[in-house]
1. Based solely on its DSSP helices, what 222 nm [θ] is calculated for chain A when runs of n ≥ 4 H residues each add -39,500 (n - 2.57) and the sum is averaged over all residues, nearest 500 deg cm²/dmol?
2. Let me check against my output: what whole-number percent is the relative contact order of chain A, with C-alpha pairs under 8 Å and at least 6 apart?
3. Whole-Hz ³J(HN,Hα) for each residue in segment B:96-102, computed from phi via Karplus 6.51 cos²θ - 1.76 cosθ + 1.60 with θ = phi - 60°, x for glycine and proline: what do you get?
4. Compute the signed sum of charges (Lys and Arg +1, Asp and Glu -1) over the other residues within less than 14 Å, Cβ to Cβ, of B:Thr124.
5. Which distance in nm do the two modelled labels at B:Glu107 and B:Glu187 give, with both placed 7 Å along the Cα-to-Cβ direction?
6. For segment B:2-60, report the convex hull volume of the alpha-carbon atoms normalised per residue, in Å³, without decimals.
7. Segment A:250-307 to segment B:1-80: how many Å between their Cα centroids?
8. Relative contact order of segment A:1-145: what whole-number percent is it, with Cα pairs under 8 angstrom and at least 6 residues apart?
Amino acid sequence: MSAACKLGARRRALETRADILHAVRAFFLSRGYLEVETPNRIPAPLPESHIDAIPSGSWWLHPSPELCMKRMLGAGYDRIFQIAKCWRERERGPLHLPEFTLLEWYCAGSDYRDLMEECEDLLLYVSVALGAGDGISCRGLPIDLSKPWERITVREAFERYGSVALEQALAEDRFEEFLALEIEPHLGISKPVLLYDYPLAFGSLARTKPGDPRTAERFEIYIGGLELANGFSELTDAGEQRRRFEKENETRTRRGCPPYPMPENFLAALSRMPDSAGIALGVDRLVMLFAGASSIDEVVAFTPEEI
Amino acid sequence: MYSASDLRKNLRIMLDDDPYIVVDFQFVKPGKGQSLYRCKLRNMLTGSQMDRTFREVDTFQPAETEEKNMQYLYKEGGSYHFMDNESFEQIALTEEQVGDAKNFLIENMECKVLLFRDRPIDITLPNFVDVVVTEAPPWIKGDTVSGNYKPVLVETGYKVSVPPFIEQGQKIRIDTRTGEYLTRVKE
């Protein structure tokens, strides 16, 4: 297919994208959120083991707006959302683009459970706004978006769908492999799934669950096997966050990737940050769901290969 | 040496001391976790296929293959015989190793044979071959409507669609990469 043909064939998906963006803004404005814009080009990204930023001169293109938005939270902006272009090095596949769109929002005074409910409300709001009611169809199968969604812990998911127990997967350093290959395909088939309570090592910016020092208050949304969003109760302990960043940087070094500088401004703001919850949702994947697309290529005007 | 992020379709790598070619490839990355590379691989010696998932830290040696210019000599039973242009040594490939190339092999044709530790594993033909049409349905005069193709048989036993004016005994050019008719060759 010629480039012009391909672009023309995406019109319906691109119209769905525009409708979704309008609906998302209407949802957050109706709940008293402030839409914000923070710089896309930043001096350094937060140190995370497996997220590689793309250099832009001596600075970087942000892999998410988390750093700047949390500094705003610390300064008293208690309900904020942003629709931001983000960049991640070497991420390209049927569900990944190196340049993609994130919807990120933060709410002071709430935790990951409140956020799970807000996600249910958001998806229903978007679905109704698009005329899909409370159900969508994914690869020919109906998915019921009505509340409440299914909530399963990571441990339960391993017991239910995995060939090994969570502990063994962690001990063998194959957590992601079992999660992605064995578990994810089962998640959110007839109803969306909220997968929650991650091993602490997989929630470096999330609060430790009270009374359970090995678990991070992190969750992910899965719909039709597709990972859609990653949220958590925010870690507000600057000392603990510094130790975790150091650990993340150690992993980066082991991977042969450059460690990122310690984000001192961010850590200083963290100690002023109220208890809050925040989440990043992949807008391109949300469009995939509502447009019935099987590849992320179908929901953007241009992939990097087509420009 | 390759790293997992170099993996792509048609890359040839060594695994468990055997040469493999990547026939299918998918990038997977859950949440904020490490990248995974799901591959379907074919053993270039045995032809058997397997699925394997690699992680970012995995590294590979390129398959130690060597390409040699050879001349196709003849077919005997299920074997295709070739001669090394430099050493004049002769080797034989099985029908499986020759694959689709068997449709276009003509005696004395120059081609490239891929070797792994002196064992032939694959063959690359010139992009275009000229072959004689051995069997063709007659041309119904006046039928010049374009798109009205007809099947003919060529000297290698390969069947190909050609325009209606091509007749038995004529020479045609075929693209070996697509297997499609290109043009009539005037002697």
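What follows is calculated from the coordinates using simple rules that are stated; it is not laboratory data. All values reported here derive from a predicted model rather than from experimental measurement. Neighbour counts are summed over all protein chains in view; Cβ atoms, including those assigned to glycine, are modelled from backbone coordinates with ideal geometry.
1. Calculated at 222 nm, the ellipticity per residue is -10000 deg cm²/dmol.
2. Relative contact order, chain A: 23 percent.
3. Each residue's phi maps through the Karplus curve to give 5, 5, 6, x, 5, 4, 4 Hz.
4. So the surrounding residues net to -1.
5. 1.8
6. 67
7. Computed from Cα coordinates, the inter-centre distance equals 31 Å.
8. Reported as a whole number, the value is 19 percent.
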